[in-house]
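Just below is one structure, and these are the notes that go with it.
The values are calculated or read from the model by the stated rules, or taken from the named source; none is laboratory data. All values reported here derive from a predicted model rather than from experimental measurement. Neighbour counts run over all protein chains shown; Cβ positions are idealised from the backbone, glycine included. Areas reflect the complete protein model, heavy atoms only, side chains present, ligands, DNA and RNA absent. Shrake-Rupley method; radii C 1.70, N 1.55, O 1.52, S 1.80 Å.
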Amino acid sequence: MAEGANYALYEKIYLVCEHIPPGMVATYGDIATIVGGGCDARTVGFALNEMPPEQAHLPWQRIINRQGGISTRGLAQRQLLEAEGVAFDAHDRVIMARYHWAGPSAEWAAAHGFNTLPPRDEGDRAEQLSLF
DNA sequence: CAGATGACTCCCA
DNA sequence: CTGGGAGCCATCT
């Protein structure tokens with residue numbers, strides 16, 4: 001079902017980004033998983049990198065890398081997150097155990113043709129918390 | 001016109 | 001443990 005190009009992925013990515021609740025964060029991989037359709041973490045990065053001014057209202061700052069760290073170099077992404085109440089640990093990483101977005105609701109995802117995030121191990125959270 | 005690059009992540013040797 | 005490659009789109013030189 002190719003409607004031309006996968007450029008439509010960008011729109012989906014932006015849409016998902018807009019649905020990240022304030023004070024929460026998501027990873028590039030998560031967004032890619034939710035969007036699906038051959039969307040990779042890198043595609044998300046490209047979409048945000050090429051984000052046009054009219055999409056500047058998107059909470060792009062809530063998109064971080066898999067390590068909970070900030071990939072943007074030079075941008076004050078960390079400050080934006082802290083302004084939303086997102087705390088960082090001593091390793092300059094977001095406390096994923098507390099702020100990691102669980103993904104959109106199953107209803108919303110289904111309504112827009114998106115996927116939901118797979119369940120995560122609690123062991124990860126415990127490990128993250130212990131770092132704190 | 002064509003090659004390189006950028007806000008990533010996973011897997012294998 | 002360390003290193004490198006693959007997968008995607010648009011823009012720049």
ask   = What number of residues within the range A:57-81 satisfy the criterion of being assigned to a helix (DSSP H, G or I) and either within 16 Å of DNA strand C (Cβ to nearest atom) or surrounded by 14 or more Cβ atoms within 10 Å (Cβ to Cβ) (or both)?
value = 7
message = Quick check on the range A:34-56: of everything there that is farther than 24 Å from A:Ala106 by Cα, in contact (Cβ under 8 Å) with a residue 12 or more places away in the chain and in a loop (DSSP other than H, G, I, E, B), which residue is least open to solvent (accessible area, probe 1.4 Å)?
response = A:Met51
inquiry  = Can you find a residue that is part of a helix (DSSP H, G or I) and in contact (Cβ under 8 Å) with a residue 60 or more places away in the chain anywhere in the range A:14-22?
reply    = yes
query = From the list A:Ala111, A:Ala90, which residue is more than 16 Å from DNA strand C (Cβ to nearest atom), assigned to a helix (DSSP H, G or I) and exposed (fewer than 14 other Cβ atoms within 10 Å of the Cβ)?
reply = A:Ala111
message = Go through the range A:20-33 and report how many residues are open to solvent by 30 Å² or more (accessible area, probe 1.4 Å) and either within 11 Å of DNA strand C (Cβ to nearest atom) or more than 13 Å from A:Asn115 (Cβ to Cβ) (or both).
response = 4
